[in-house]
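Beneath this line is the structure, given in structure tokens, with notes to follow.
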């Protein structure tokens, strides 16, 4: 029972709210901390026992009356419990807020159960986790129905029903199946929400009989009957009953958005990932209502705690230099004239239009992730064909883009406020041109992940980048010499289309109504020959398909199909033909591509490689940049490749020679394909997976061993392992036996945490990939898709 | 060896080492032909010493392949290049060493070293042969699968068969468990090289007999003209049905065992092909060690008795 009137009411006792309450208590301000559960920091409380909690970013100083260092979940919670007790924080447990009304100076907070309390200011620190969804049927609150699984090894010999079909449900089910009889209840007939790794894992477990899946099944009631615990379920064939010991429901959480919106706070877009905009003082669009922590877009514990401290200072009317200002000052060190960071950030936002829609906090975050560069006049920023994927904004001065690789003097200038590097960011391919710094050039260089985060959270940024990308790629690929006005019609006719793997762009015989510029992914071109679809060509991102029908006015002469998830820019045929009529150079250029493609197709048909190309496409060639291939007619199965990999990479081999599919004599061992848009990068908490300038996708020491990449890789090429620095001596092995180099596995004794390991194409070794260099017979080789097509067509 | 886009070690860099080896042979033969020592061609002439030195250096370098191929971080050429050179220069060694002998042979350590060298080279030539032939045979036998998967499948079928056999009475159970116990994958060197005996047909034959018995029993009883009462008929009918089921399950078992045996044959063939592909190394390497010892003895003795 909480009632009364407070200066500050803090909702949610996560790191942000807890820190705010602690600061208020420290200053002796009247406050209340409202927490829905019976303990503090529910999200961290729910972490698996003994979980190691990180304190990123390392460089950021902590500013809070409470302590926080990286360590075990238990130690952190204990420190917070004793810290809040010592400071005398006024905590109200089991106080779930159902409504917030009123205005600055006089908010009314209503709790579940009808209690109300008053506050002058409200701080929302409720995070994004939301409330866990319950079973939604009678018995959902029984003590043997749980919504969390801390330690799968706690349960042995039980009959457990897992309800849900998401990643958490699958991971729990597979982990429990080792020692228990497990059922997994799926409302639908497939696991379409799961990550690929979990999907194949659960399907295999079901096939192997490790656990039983009940598809199209819903729980109806959980009951304690005289015969024991029972779960009644409804299937397509009617109701039935299961005798169980435990039910674990993993049904996700209801996002707090609806509640937040009910308080009057606005979200910038419908995107479920978007968060409300807040001022530099963390104030939302509702005056007096502050948002801190993950809900404000800051998911890291340390940031959240700092904001808790700062928000109380702001409410008290004091100004605080944000904790990240020293970091920003370091970023601006390359520009010695700048002293006022706030002012400098604001100037940058004024000068660079795509940064305008960012909130001040987003801007700070963006700059902490980015680097400011002031390259000398003429310095190369990146080279044509580099594999870097950072994004650049021009703050002042100019950059020169070399348009024609054959003639470096042909240049195109970008000035203040413009940006570049978006092609590699979107297509995942090599840099399409060399860029040099011009006079007085100052740039912001932003890593891929931060840029993608921005694109996904700020709709205006995405729109501007997409528009510029569109204009530039159309101009670059079709009319490099024409002024932008000439192609305006064509650009406005363009639309972005998305295709699933295997989906058709167009079919042989269709009327040719459009040209497709491939923006992301890749496409195979095939033709029906002798009643069979024969793949003639592979077309990667950055090129176009469909020009033949437009040039010749005949129906489509071939079928184009997305090899992987693909995005194309569809250019309308009519606008395109008009441009060709008007401008002979466009027609000449397209006709040149057309002629070379006709010639290519003739070669392809004379030397068909359809089946092997199709096989390779099924192995991810369509999104690969480099694949390890073994010619089995040469391979003497000596495993030199594996041994070389292991010996040069801390005794953990990143390739399995024997595993992987074979077609005719071509074997694709389990080894990284270095995808254009690496699946492994998608969900890496410490952002430890990087792409090196030559295209190698590699994992840095920042890996925390969470295993997300291993699960996300559709090709199963990432292993969790423990690398060791010691290597056995070759001579000792030759003379006295013992551990052989390349076959040494000391990891078994090592108890340190496993980290993700994958092929890095030996980027740190001279001479290229060790697997290929160690192959005695020439069976192993690495090839890009283009090289593969060339080699296997015999056109060396 | 078939033309492949990957490029075999034999064709490395447009047969660079074949050309180099041939050149070495031609120079040695020309020198031998031109050279006319007073006491006839022998290892003690200046040409003899030169050829001997070249030969000894070559042998040392050829043996060094064993070290180089395990130095995985080495950037001194590729192992493929080394192997290519190893093959062609190893073959050239026959010419160099033979000319070095001056065709003087006897029952001594010198000729012993020469013979050992020829044996090493011969085993190597055999190696080239199997390396050219076996990889394709292994792929053809395995298809798209691999050994581990097949073994898993075999063990899986054994489990299934035992499960299926359980309700069919002790006799069938005995047949199946004996058959699983007796199955052989791989084995000693002999079994690996020449293949273990193929899985026996005994289990299948016995099962077939059971199927036949049960089927005939099932059909015979139903149409027994002696059985007159309804009750008796009903009992017999259910008996017949049961026997029919036993026959049906036994037939399934036969199929399972047959499928398993086919897999066993494939796995054993894989083991056999691997063994045949690698056995030569068990001669080539120890003979090389023996050759190095004999060569050392040969060199030391020549200098001692000079």
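The values are calculated or read from the model by the stated rules, or taken from the named source; none is laboratory data. Quantities reported herein were computed from a predicted structural model and do not represent experimental measurements. All Cβ positions, even for glycine, are placed from backbone atoms using ideal geometry, and neighbour counts span all protein chains on display.
The table for this structure:
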| quantity | calculated |
| --- | --- |
| Criterion violated by residue A:443 - all others in (1) crowded, with 18+ Cβ neighbours inside 10 Å; (2) assigned to a helix (DSSP H, G or I) satisfied | (2) |
| Residue within the range A:778-793 that is more than 7 Å from chain B (Cβ to nearest Cβ), within 26 Å of residue A:687 (Cα to Cα) and surrounded by 20 or more Cβ atoms within 10 Å (Cβ to Cβ) present | no |
| Residue A:582 loosely packed, with under 13 Cβ neighbours inside 10 Å, in contact with a helix residue (DSSP H, G or I) (Cβ under 9 Å, 6 or more places away or on another chain) and closer than 29 Å to residue A:472 by Cβ | yes |
| Residue in the range A:705-713 that is buried (at least 16 other Cβ atoms within 10 Å of the Cβ) and farther than 18 Å from residue A:167 by Cα present | no |
| Criterion violated by residue A:376 - all others in (1) buried (at least 19 other Cβ atoms within 10 Å of the Cβ); (2) modelled with pLDDT of 90 or more satisfied | (1) |
| Residue within the range A:752-770 that is more than 10 Å from chain B (Cβ to nearest Cβ), exposed (fewer than 15 other Cβ atoms within 10 Å of the Cβ), at pLDDT below 85 and not in a helix (DSSP H, G or I) present | yes |
| Qualifying residue in the range B:126-135 (condition: part of a helix (DSSP H, G or I), away from every other protein chain (no Cβ under 14 Å) and either in contact (Cβ under 8 Å) with a residue 24 or more places away in the chain or touching a helix residue (DSSP H, G or I) at 6+ places or on another chain (Cβ under 9 Å) (or both)) | no |
| Residue in the range A:177-189 that is in a helix (DSSP H, G or I), in contact (Cβ under 8 Å) with a residue 24 or more places away in the chain and surrounded by fewer than 22 Cβ atoms within 10 Å (Cβ to Cβ) present | no |
| Residue within the range A:514-529 that is farther than 25 Å from residue A:790 by Cα, exposed (fewer than 15 other Cβ atoms within 10 Å of the Cβ) and not assigned by TED's automatic domain parsing to the domain that holds residue A:425 present | no |
| Those helices (runs of 4 or more DSSP H) lying entirely in the range B:12-76 with at least 3 residues more than 14 Å from every other protein chain (Cβ to nearest Cβ), at negative phi and touching a helix residue (DSSP H, G or I) at 6+ places or on another chain (Cβ under 7 Å) | B:16-34, B:46-63 |
| Residues (part of a helix (DSSP H, G or I) and over 30 Å from residue B:64 (Cβ atoms)) located in the range A:683-741 | A:683, A:708, A:709, A:710, A:711, A:712 |
| Residue that is modelled with the highest pLDDT, among those in the range A:47-77 that are closer than 19 Å to residue A:153 by Cα and under 24 Å from the mean Cα position of the chain (by Cα) | A:47 |
| In the range A:27-42, residue surrounded by the most Cβ atoms within 10 Å (Cβ to Cβ) [restricted to those that are in contact with a helix residue (DSSP H, G or I) (Cβ under 9 Å, 6 or more places away or on another chain) and closer than 30 Å to residue A:326 by Cα] | A:41 |
| 1 or more residues within 28 Å of residue A:12 (Cα to Cα) and touching a helix residue (DSSP H, G or I) at 6+ places or on another chain (Cβ under 8 Å): qualifying strands (runs of 3 or more DSSP E) within the range A:203-273 | A:246-249 |
| Filter result (under 15 Å from residue A:280 (Cα atoms) and in a helix (DSSP H, G or I)) within the range A:311-327 | A:311, A:312, A:313, A:314, A:315, A:325 |
| Qualifying positions in the range A:640-668 - at the interface with chain B (Cβ under 7 Å from one of its Cβ atoms) and either within 21 Å of residue B:67 (Cα to Cα) or not in a loop (DSSP other than H, G, I, E, B) (or both) | A:640, A:643, A:644, A:647, A:648, A:662 |
| Some residue of the range A:616-624 being crowded, with 18+ Cβ neighbours inside 10 Å, within 8 Å of another protein chain (Cβ to nearest Cβ), farther than 20 Å from residue A:756 by Cβ and out of contact with any helix residue (DSSP H, G or I) (no Cβ under 7 Å at 6 or more places or on another chain) | no |
| Criterion: touching a residue at least 12 places away in the same chain (Cβ under 8 Å) and surrounded by fewer than 22 Cβ atoms within 10 Å (Cβ to Cβ) - qualifying residue of A:689, A:718, A:722 | A:722 |
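Yes/no matrix, rows are residues, columns are (1) more than 24 Å from residue A:309 (Cα to Cα); (2) surrounded by 15 or more Cβ atoms within 10 Å (Cβ to Cβ):
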{"site": "A:243", "(1), (2)": "yes, no"}
{"site": "A:247", "(1), (2)": "yes, yes"}
{"site": "A:261", "(1), (2)": "yes, no"}
{"site": "A:271", "(1), (2)": "yes, no"}
{"site": "A:275", "(1), (2)": "no, yes"}
{"site": "A:282", "(1), (2)": "no, yes"}
{"site": "A:290", "(1), (2)": "no, yes"}
